[in-house]
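Take a look at the structure below.
Computed from the coordinates by the stated procedures, all read-outs in this text should not be read as laboratory data. As the structure is a prediction and not an experimental result, all values here were calculated from the model. In this analysis, Cβ positions are derived from the backbone assuming ideal geometry, glycine residues included, and neighbour counts consider all displayed protein chains.
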């Protein structure tokens, strides 16, 4: 194998190796992007659910606070009625105490709801941060994937070019040109051979006629020359 072909064989081998090295990263990148998109979808769903829990906890806290205030106002009204004499003092104390107990229950519910709300808001913040990171990573990997695919295309084109160049063999090209030259020479010789055969195939009559024509032409030319000579000496009239 000549040096030229060996050089391009080496280039072809290196290009194939580069393509092989790129194939796995491309597949891994595609799979990683699919996985991250699935994680993103799950995170978005979880974020929506936790946000709903935070909203519900906040609403529960507001409801408990309102009810606690309502029970406190009722206890105050009971005591006011007892002072005015509209209600028995002992009964007013009993009912007011029950109302304040309800108020304390609502306060406990309020505090629990606010604690849950705080926890849920913390989870929302964490999930929101994770989602932002996932989106950034997806964008980064997609750009990396585009670069890898572009490199793969360039490598594939390099492989094809090197493959074509590797198939070029100067010795085979010269041999092909020599065969073409030999064929042309053979065709020219064959044409000349047919011409010789055509000349040889002429009839004897054609040769005789050609010879007689040549002889008659020679006699006519001699007669014309003699007449011209006599005319110059004045022995024959010019019109003869």
How much length is gained if the chain between residue 178 and residue 125 is pulled fully straight, taking 0.36 nm per residue apart and subtracting their Cα-Cα distance, in nm to one decimal?
11.0 nm
Roughly how many nanometres apart are two label points built 7 Å out from the Cα toward the Cβ at residue 132 and residue 98?
5.3
What is the calculated FRET efficiency for residue 45 to residue 105, with r their C-beta to C-beta distance and R₀ = 41 Å, to the nearest 0.05?
0.75
Put a dot 7 Å past each Cα toward the Cβ at residue 66 and residue 27; how far apart are the dots in nm?
6.1
